[in-house]
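Shown next, in structure tokens, is the structure this report addresses.
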Amino acid sequence: GQQLNQSPQSMFIQEGEDVSMNCTSSSIFNTWLWYKQDPGEGPVLLIALYKAGELTSNGRLTAQFGITRKDSFLNISASIPSDVGIYFCAGQTSVGANSKLTFGKGITLSVRP
Amino acid sequence: DAGITQSPRHKVTETGTPVTLRCHQTENHRYMYWYRQDPGHGLRLIHYSYGVKDTDKGEVSDGYSVSRSKTEDFLLTLESATSSQTSVYFCAIRSNTGTSTDTQYFGPGTRLTVL
């Protein structure tokens, strides 16, 4: 089946630093999504990307939909302690009844004060 | 916050007992999903529903059944719980405008422990 690759599994950064996360796939997706999960909570949608090449920002977050439609990246600028959590990428292939998401395994981000 | 609730939020049960988890939405969305989350595996789809009484299997459906008798409720049942079903279960909903902006929003999760 389709798989999304996120690596490394964990990242450790200093407060105030920028961080970039990649997500790659062997398959093409029509939509790329980035979610964040806090401990004990469900994933929360951060950014959705709908077109190849699209660059979208949400506050200190910036994400891009790769031109090949097989990858996406998420940047977090000027990190703060509340950025700690697990970041998942997800790809979606269609919008109909059988539309499903394929998730990466997530990157756990730690921010040192 | 998307109007999704899950109950119970925590449950401990014994092997062989039946368990039902409930997902309730107030958004009137057509699509609903059940996932399980395990270390090293991320989120995996168990079952999903594309309307009342319309459901289909996901990638890890063995040992699970679902029912959707009303738009707002999607039930996940473990007929005879096993220790391998110890996990965190998430429900998600998705709108149906027919555009690519129809994305999934998740509930708070249910932590299930099978002893």
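The values are calculated or read from the model by the stated rules, or taken from the named source; none is laboratory data. Worth saying up front: this structure is predicted, and the values here are computed from it rather than measured. When we count neighbours, we look across all protein chains shown, and the Cβ atoms used for this are built from the backbone with ideal geometry, even at glycine. Areas reflect the complete protein model, heavy atoms only, side chains present, ligands, DNA and RNA absent. Shrake-Rupley method; radii C 1.70, N 1.55, O 1.52, S 1.80 Å.
Would you confirm, using the coordinates I've provided, whether A:GLY16 is open to solvent by 10 Å² or more (accessible area, probe 1.4 Å), of a type in the set (Gly, Ala, Ser) and free of Cβ contacts under 8 Å to residues at least 40 places away in the same chain? Here the answer is no, as A:GLY16 does not meet what is asked.
Among residues of the stretch A:97-113 that are at the interface with chain B (Cβ under 7 Å from one of its Cβ atoms), those with a Cβ under 7 angstrom from a residue that is outside any loop (DSSP other than H, G, I, E, B) and exposed (fewer than 14 other Cβ atoms within 10 Å of the Cβ), sequence gap 6+ or separate chain, pair up as A:GLY104/A:ASN5. All of (1) crowded, with 18+ Cβ neighbours inside 10 Å; (2) at positive phi hold for A:GLY66 with one exception: (2). Restricting attention to the stretch A:53-70, does a residue exist that is facing chain B (nearest Cβ under 9 Å), under 13 Å from the mean Cα position of the chain (by Cα) and among the aromatic types (Phe, Trp, Tyr)? There is no residue in the stretch A:53-70 that is facing chain B (nearest Cβ under 9 Å), under 13 Å from the mean Cα position of the chain (by Cα) and among the aromatic types (Phe, Trp, Tyr). Of all residues in the stretch A:71-88, at least one satisfies being open to solvent by less than 20 Å² (accessible area, probe 1.4 Å) and either closer than 24 Å to B:GLY58 by Cα or basic (Lys, Arg) (or both). Selection of the stretch A:19-38 for residues being hydroxyl-bearing (Ser, Thr, Tyr), buried (at least 20 other Cβ atoms within 10 Å of the Cβ) and closer than 21 Å to A:ILE80 by Cα yields only A:TYR35. Counting only strands (runs of 3 or more DSSP E) that sit wholly inside the stretch B:31-92, those with at least 3 residues that are facing chain A (nearest Cβ under 9 Å) and surrounded by 19 or more Cβ atoms within 10 Å (Cβ to Cβ) are B:31-38, B:42-51. Within the stretch A:29-52, count every residue that is assigned to a loop (DSSP other than H, G, I, E, B) and facing chain B (nearest Cβ under 10 Å). The total comes to 7. Scanning the stretch B:57-69 for residues that are within 21 Å of B:GLN85 (Cα to Cα) and out of contact with any His (no Cβ under 7 Å at 6 or more places or on another chain) yields B:GLU59, B:VAL60, B:ASP62, B:GLY63, B:SER65, B:SER67. State the number of residues belonging to the stretch B:93-115 that are more than 8 Å from chain A (Cβ to nearest Cβ) and either modelled with pLDDT under 90 or over 15 Å from the mean Cα position of the chain (by Cα) (or both). Matching residues across the stretch B:93-115 total 6.
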